Amino acid sequence: MRTLWKRVIAVGTVSSLVVLGMVTPAHSSSHQHKNSWGRGYVYTGHRAVLVCDDNANNRGLRIEFKYGPNNTLGHRGDDDGSNGICKDASTSAAINEFRICESKTGGGDDKCTAWENIVGR
Ligand SMILES: [Ca+2]
């Protein structure tokens with residue numbers, strides 16, 4: 001009987017930890033920019049990005065992001081048109097702002113969405 005009771009307590013503790021783990025802190029929610037060019041996402045505690053070129057228009061899509069205490073600029077491109085394959089990347093520190101940009105294949109004629117600050121969101 002005593003052994004059974006310990007087991008019940010142990011199971012209860014594990015369940016509580018699982019529930020706590022499912023509570024997502026506000027700063028780690030995912031964000032996206034989406035338009036006719038494609039989609040850019042920031043997720044996984046603001047330390048990972050995904051970019052998907054959804055428009056086979058001879059223009060490549062990229063996600064640009066500023067991360068860490070010095071707002072280091074990073075980017076990840078997907079310029080393969082609408083083939084359904086996205087590109088991802090991770091950062092060593094949390095991303096503070098991001099946007100998506102489209103430019104001609106090989107460069108030029110940049111168009112970008114406005115920077116979105118996601119600190120604490
Ligand atoms: Ca494109």
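What to note about this one:
- Residue order, fewest to most surrounding Cβ atoms within 10 angstrom, among 86, 52: 86, 52
- When only the Cβ of Lys, Arg, Asp and Glu is charged (+1, +1, -1, -1), the dipole of the stretch 28-117 relative to its Cα centre reaches about 160 debye.
- Relative to the Cα centre, the charge distribution of the stretch 69-121, modelled as +1 at Lys and Arg Cβ and -1 at Asp and Glu Cβ, gives a dipole magnitude of about 160 debye.
- Label-to-label distance for residue 105 and residue 121 is 3.4 nm, based on points extended 7 Å past Cα in the beta-carbon direction.
- 30, 92 arranged by Cβ crowding within 10 Å, fewest neighbours leading: 92, 30
- In terms of surrounding Cβ atoms within a 10 Å radius of their Cβ, 113, 105 rank from fewest to most as 105, 113.
- Calculated FRET value between residue 36 and residue 90, using beta carbons and R₀ = 22 Å, to 0.05: 0.20
Every read-out reported here was derived from the displayed coordinates using simple, explicitly stated rules and does not represent laboratory data. Since the structure is predicted, the reported quantities are computational estimates derived from the model, not experimental observations. Quick reminder, even Gly has a Cβ in these numbers, built from the backbone with ideal geometry, and neighbours come from all protein chains shown.
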